[in-house]
Amino acid sequence: MKRIADLDVAGRVVLLRADLNVPLDGEQITDDNRIQATLPTIRELAGRGARVVICAHLGRPKGDGYAARAAGGPSLRPVATRLGELLGQPVAFASDVAGESAAATAAGLADGQVALLQNVRFEPAETSKDDAARAGLAGRLARLATLYVGDGFGALHRKHASVYDVPGLLPHAAGELVLAEIEVLRQLTTDPARPYVVVLGGAKPSDKLAVIGNLLGQADRLIIVGGMSYTFLAAQGYEVGRSLLEKDQIPHVADVLAEAGRRGVEVVLPVDLVAADRFAPDADHRVVPVADFPADRESLDMGPATRELFARKLADARTVFWNGPAGVFEFPAFAAGTRALAEAISKVSGLTVVGGGDSAAAVRQLGFPATAFSHISTGGGASLEYLEGRTLPGLTALEAGG
Ligand code: ADP
Ligand code: MG
């Protein structure tokens, strides 16, 4: 795979596919981490005299055609503003994706200048399953530039026009963020230092059973936390009341537990839970052992004995991958489990990787500095699919040709 240093970018228009998919509250960016993570690549390109045209998506625009989506938003304009502040130089904004404004904006750039195109998902062809439709958009995007750099790690698992098709049309390289993320994933999957402990949580086991299946061949210990732990507890015959439960997944979870047993992978589940009377920040709650869970309550966090148990099960780890919060951390009253987990992982000496959008948001919201972990991934879906052993279409495209 080529890197930016392998391309002669001075004076050339470079189409940079980045992941700038930040959370918004109206037009307010609530977490600019993904913009920050893209700065090294933009700075390197601009510093070497490239004319940088950035293509990115934001949210999930709704509507059948371009016009409906453009009218409904979200627009990337606030991201252009924030990017300009962080770069310390103005960022031109094209009001369309690959139309007249995009062409004029790209043509108007001087060496070292940066522009951002409008939300690429306003173009229905971006995410189309129809190869010809995607090729049409890819052709229009490719005509804006003479080189392509892929740095949108969070979208690398998508077979989308700007991720998968454009690199086939232009000489291309991988950006700094993609190289860094792939290097960490390679370390996790190639002879990790042992014990290798995987912590999986979040809302639903159905999202994560595929990755668990593949990790059983690699990890030494699997700690199950959060919303998905109740389906695991239910598979072992425990009452979980009104807690999150995917009944239809119980047979699959039972298979995973049996397979873990055959392979000698230790699976660790919660031993006590915080039982709330409803899903609310101010819900009445009390700690109960898993064997005594009240039928009329739901668990929103793990209990203190579980926090201690999991900290012990992490203490000897030399490699940790963590994906998925341990409770409803968005409610301060139910954030203790996620906080304790983050603390235990931050104390591990070895490679510690946090993956997943909500997990990354949780550690930041709880005040952990980025330096508390070896790596906080910008892409949840992409890292999980890599760890599932699947090929990422965007990575395949960057590896091909050049
Ligand atoms: P990530 O984005 O890190 O992959 P997920 O999207 O799988 O994580 O899960 C995150 C969500 O899971 C959070 O919004 C959190 O509130 C929710 N969650 C975690 N534990 C529980 C629980 N015990 N009950 C209900 N929801 C939970
Ligand atoms: Mg999530």
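The values are calculated or read from the model by the stated rules, or taken from the named source; none is laboratory data. Everything numeric here is computed off the predicted structure, so don't read it as measured data. All Cβ positions, glycine included, derive from the backbone under ideal geometry; neighbour counts span all protein chains shown. Keep in mind that these areas ignore ligands, DNA and RNA; they rest on the heavy atoms of the full protein, side chains included. Shrake-Rupley method; radii C 1.70, N 1.55, O 1.52, S 1.80 Å.
Some notes on this structure:
- Cα gyration tensor, the stretch 253-385 - rounded (a/c under 1.5), prolate or oblate: oblate
- Assigned charges on the beta-carbon of Lys, Arg, Asp, Glu; the stretch 1-63 dipole about Cα centre (debye): 320 debye
- Surrounding net charge for LEU45, when Lys and Arg each add one and Asp and Glu each subtract one, Cβ distance under 15 Å: +1
- DSSP beta bridges confined to the chain are antiparallel in about 20 percent of cases.
- Structure-based [θ]222 nm, the chain - -39500 (n - 2.57) summed over DSSP H runs of at least 4, per residue, nearest 500: -11000 deg cm²/dmol
- Structure note, pairs LYS208/LYS313; LYS247/LYS313; LYS2/LYS62; LYS2/LYS347; LYS204/LYS313: Cα-Cα distances above 25 angstrom occur for LYS247/LYS313; LYS2/LYS62; LYS2/LYS347.
- The stretch 55-80-the stretch 209-282 distance, computed between alpha-carbon centres (Å): 37 Å
- Paramagnetic label reach from LYS62 (point 7 Å along Cα→Cβ; backbone nitrogen cut-off under 20 Å): within the stretch 100-138, residues 119-128.
- The ALA132 and THR396 beta-carbon pair, evaluated with R₀ = 25 Å, returns a calculated FRET efficiency of approximately 0.80.
- Cα gyration tensor, the chain - rounded (a/c under 1.5), prolate or oblate: prolate
- The residues of the stretch 308-402 present an accessible area of 37 Å² per residue when probed at 1.4 Å with all protein chains retained.
- Chain lengthening between GLU343 and ARG364 when straightened (0.36 nm per residue, less Cα-Cα): 6.3 nm
- Paramagnetic reach from GLU183 in the stretch 29-52 [backbone N under 17 Å; point 7 Å along Cα→Cβ]: 37-45
- Sequence of LYS2, LYS208, LYS129 when ordered by accessible area, the most exposed leading, probe 1.4 angstrom: LYS129, LYS2, LYS208
- Normalised per residue, the accessible area of the stretch 56-199 is 39 Å², obtained with a 1.4 Å probe and no contribution from ligands, DNA or RNA.
- Gain on full stretching of the segment that runs from GLN89 to ALA258 - 0.36 nm per residue minus C-alpha separation: 55.2 nm
- Summed side-chain charge close to SER299 - residues other than SER299 whose Cβ falls under 13 Å, Lys, Arg +1, Asp, Glu -1: -3
- In Å², nearest 10: area of PHE331 left accessible to a 1.4 Å probe: 40 Å²
- Oblate is the label for the stretch 10-114, because the ratio a/c of its alpha-carbon gyration tensor axes (a ≥ b ≥ c) is 1.5 or higher and a/b is not greater than b/c.
- Contour excess over end-to-end distance, with Cα ends at ALA280 and GLN236 and 0.36 nm allotted per residue: 13.1 nm
- Rounded percent of accessible protein surface that carbon and sulfur make up, the chain, 1.4 Å probe: 49 percent
- Label-point gap, in nm, between SER206 and PHE331 - each point 7 angstrom along Cα→Cβ: 2.3 nm
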